[in-house]
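Read the figures in this text as sums done on the coordinates, not as results from a lab. From a predicted model like this one, the values you see are computed outputs, not experimental measurements. Note that each Cβ is placed from the backbone with ideal geometry, even for glycine, and that neighbours are counted across all protein chains shown.
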Amino acid sequence: MNVLIVHAHPEPKSFTSAMKDLAVEVLTQQGHDVVVSDLYAMNWNPVASAADFGQRGNADYMNYALEQRANLDSGALASDIQGELDKLMAADLLILSFPLYWFSVPAIMKGWIDRVFVSGRVYGGRRVYNKGGLVGKRAVLALTCGGRDYMLSEGGIHGDLTGILKPVTQGSLGYAGMTVLPPFVGYHVPYLSDEQRQAILQNYRDYLIGLDTLTPLTMPDLSQFDAQMKPLA
């Protein structure tokens, strides 16, 4: 299996980075080929702009998605986008590794999704969900946060983490056709003892070893909607 880990943490000694390193270790030991895109180390540019295109389909008005399609077809995408898109298309499993920032991924990771999930290859028109360009690939969120688990649960002060993460799990990964597995979360990390952190790492090891036993999150099925994306009666 080819694995792509997209990692977004500015501190190499962070617990999030330790989780990333553990994933590399465990999955490599299992015989998988693992590639890491460390966005901060790469100085990844998260800003989607006209500079992403070597030529313009419409020089007078920029529609980013349409320019993605035109430059994909002509081979004129910016080299950093093309390199990450090649990694993504080669991957059977995508792991997004990040600390939870304001109920979401860090801006640098959002910018990776914005620029690399290229229209015409990853999605487009009715090429979404179970017809998306990434059908057959699996995805995992491996994240850390400062809150306790009960704060991010149904009835908790912040609400259920599943709902909090939906813009990423469904709005990006599932929308593009990926089979999205339940996330792995390291809770309350900045306040834990070394022993407690080691326990989380052991749990993450077990999680990675047991990926094939996890039940994917439910995503929309286009067969249940008409040509205008209205639910069938």
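Data for the structure
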| item | result |
| --- | --- |
| Exclusive hit being more than 24 Å from Thr218 (Cα to Cα), of a type in the set (A, V, I, L, M) and surrounded by 16 or more Cβ atoms within 10 Å (Cβ to Cβ), set Leu77, Leu96, Leu141, Leu100 | Leu77 |
| Residue in segment 180-193 that is surrounded by the most Cβ atoms within 10 Å (Cβ to Cβ), counting only those that are in contact with a helix residue (DSSP H, G or I) (Cβ under 9 Å, 6 or more places away or on another chain) and more than 17 Å from Thr16 (Cβ to Cβ) | Val180 |
| Where Glu154 falls short, out of the listed (1) of a type outside the set (Gly, Ala, Ser); (2) surrounded by 15 or more Cβ atoms within 10 Å (Cβ to Cβ); (3) assigned to a loop (DSSP other than H, G, I, E, B) | (2) |
| Count - residues of segment 113-150 that are in a helix (DSSP H, G or I), out of contact with any helix residue (DSSP H, G or I) (no Cβ under 7 Å at 6 or more places or on another chain) and more than 25 Å from Leu201 (Cβ to Cβ) | 1 |
| Residue within segment 26-47 that is farther than 30 Å from Met151 by Cα, charged (D, E, K, R), under 15 Å from the mean Cα position of the chain (by Cα) and not in a helix (DSSP H, G or I) present | no |
| Residue in segment 198-212 that is farther than 24 Å from Tyr150 by Cβ, among the acidic types (Asp, Glu) and part of a loop (DSSP other than H, G, I, E, B) present | no |
| Qualifying residue in segment 46-54 (condition: of a type in the set (A, V, I, L, M, F, W, C), more than 24 Å from Gly132 (Cβ to Cβ) and in contact (Cβ under 8 Å) with a residue 60 or more places away in the chain) | yes |
| Every pair of residues 6+ apart whose Cβ atoms lie under 8 Å, when the first sits in segment 164-177 and is farther than 15 Å from Val140 by Cβ while the second is part of a helix (DSSP H, G or I) | Ile164/Leu152; Tyr175/Tyr129; Gly177/Tyr129; Gly177/Asn130; Gly177/Lys131 |
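Residue-by-condition table, conditions (1) part of a loop (DSSP other than H, G, I, E, B); (2) within 17 Å of Gly133 (Cβ to Cβ):
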| position | (1), (2) |
| --- | --- |
| Ala59 | yes, no |
| Gln68 | no, yes |
| Leu72 | no, yes |
| Ile81 | no, yes |
| Leu85 | no, yes |
| Leu88 | no, yes |
| Ser97 | no, no |
